[in-house]
C-alpha cells in the first residue's frame, strides 16, 4: 500500500464521529488504519482512546490551535520536519495526496468543532468513502487514489 493513500471526511461533532468510527469498525477497518484529528477536549480524547486504542497526542497546529490527534495521517502530514504543526492542515494536506483547497475545507470544518476522520487503506478506499458519506462524514474525499469507481 502506498503511504499517501487516505480517505478523509469531517464529522460535525464527536457523537457523529463516534457513529462513523463504529461503522468503520463494523466494516472491518482496523484501528491502526484510522486517524482522528479534532480540537482538544475531554470527549475527543475519549473518542480517540476508544476507537484508536491509545491515548491521543496533543499538538498545537497552525490555524487550529490545540488539537488531539492519533493515526497514520498525522505521521504523514507531520513528517520528521514538523510540517503539520508549523504550516497547518491546509498547507500540509498535499503530503497525503489532496489538493490545497481540500485542506482548507478540512481545516475550516475542524476549526469549527468538526472531527476529521481518515482511513489509510487504498484497496478499500471506495468502501471507506461510502461509509464516511453514509454516516455523515462531510466533504469526504480520497487522496492519491489509483483506483476507479
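In region 48-55, is there at least one residue being in contact with a helix residue (DSSP H, G or I) (Cβ under 7 Å, 6 or more places away or on another chain) and part of a helix (DSSP H, G or I)? Full working, then the answer.
Step one: filter region 48-55 for residues in contact with a helix residue (DSSP H, G or I) (Cβ under 7 Å, 6 or more places away or on another chain), giving 51-53, 55.
Remaining after also requiring part of a helix (DSSP H, G or I): 51-52.
Among the residues of region 48-55, at least one is in contact with a helix residue (DSSP H, G or I) (Cβ under 7 Å, 6 or more places away or on another chain) and part of a helix (DSSP H, G or I), which makes the answer yes.
For residues that are under 14 Å from the mean Cα position of the chain (by Cα), surrounded by fewer than 20 Cβ atoms within 10 Å (Cβ to Cβ) and either in contact (Cβ under 8 Å) with a residue 12 or more places away in the chain or assigned to a loop (DSSP other than H, G, I, E, B) (or both), tally how many sit in region 106-120.
Of all residues in region 106-120, those under 14 Å from the mean Cα position of the chain (by Cα) come to 106-111, 113-120.
Now narrow it down to the ones that are surrounded by fewer than 20 Cβ atoms within 10 Å (Cβ to Cβ): 108-109, 111, 113.
Filter again for either in contact (Cβ under 8 Å) with a residue 12 or more places away in the chain or assigned to a loop (DSSP other than H, G, I, E, B) (or both), leaving 109, 111, 113.
Result for region 106-120: 3.
A quick yes/no check of all residues on (1) on the phi > 0 side of the Ramachandran plot; (2) at pLDDT 95 or above:
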position	(1), (2)
85	no, yes
113	yes, yes
117	no, yes
120	no, yes
125	no, no
131	no, yes
135	no, yes
140	no, no
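Please tell me if residue 141 is touching a residue at least 40 places away in the same chain (Cβ under 8 Å), in contact with a strand residue (DSSP E or B) (Cβ under 8 Å, 6 or more places away or on another chain), more than 23 Å from residue 41 (Cα to Cα) and buried (at least 16 other Cβ atoms within 10 Å of the Cβ). Break it down into steps so the answer makes sense when it comes.
Working: touching a residue at least 40 places away in the same chain (Cβ under 8 Å): yes; in contact with a strand residue (DSSP E or B) (Cβ under 8 Å, 6 or more places away or on another chain): yes; more than 23 Å from residue 41 (Cα to Cα): yes; buried (at least 16 other Cβ atoms within 10 Å of the Cβ): yes.
In short, yes.
Among the listed residues 73, 84, 129, which satisfies the condition of being part of a helix (DSSP H, G or I), within 14 Å of the chain's Cα centre (by Cα), closer than 23 Å to residue 31 by Cα and without any contact (Cβ under 8 Å) to a residue 40 or more places away in the chain?
Only one candidate passes the filter, namely 84.
The values are calculated or read from the model by the stated rules, or taken from the named source; none is laboratory data. Just so it is clear, the structure is predicted and the values come from calculations on it, not from any experiment. With ideal geometry, Cβ positions are generated from the backbone for all residues, glycine too; neighbour counts draw on all protein chains shown.
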